[in-house]
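Input: a single structure, listed below in structure tokens.
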Amino acid sequence: MQIFLSITIGIISILLIGIVLLQPSKTDGFQGEAPAQGDNRYGKNKTEELLKKMTIVLSVLFIVLTLLLAIIS
């Protein structure tokens, strides 16, 4: 059981790192590209919301599984 939880925690942590890296930064950076990005804003918000929800779910799973592993050990 401990091995299964350890492997699952490892997979979740790798997924969590990847999803956090995929999220856009809070600053837009170069402002010259702003008019070109204005047309695609609705789809961009939808993707950002999905990444945010996935981050929350994976974070909760990571915490719960880590606590469960600590209790079992």
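Read-outs: derived from the displayed coordinates by stated rules, not from any lab. Note that the structure is predicted; figures quoted are calculated from it, not measured. Heads up, the Cβs are rebuilt from the backbone with ideal geometry, glycines too, and the neighbour counts pull from every protein chain shown.
Can you tell me the order of 54-63, 2-11 when each peptide is scored by its average per-residue count of other Cβ atoms within 10 angstrom, highest first? List each step's numbers first, then the result.
On the way: 54-63: 14.1, 2-11: 11.8.
Ranked from most to least packed, the peptides come out as 54-63, 2-11.
Would you mind counting up the charge near S59? Only other residues with Cβ under 12 Å from its Cβ, with Lys and Arg at +1 and Asp and Glu at -1. Please list the in-between numbers first.
Numbers: positive: K52, K53; negative: none.
In short, +2.
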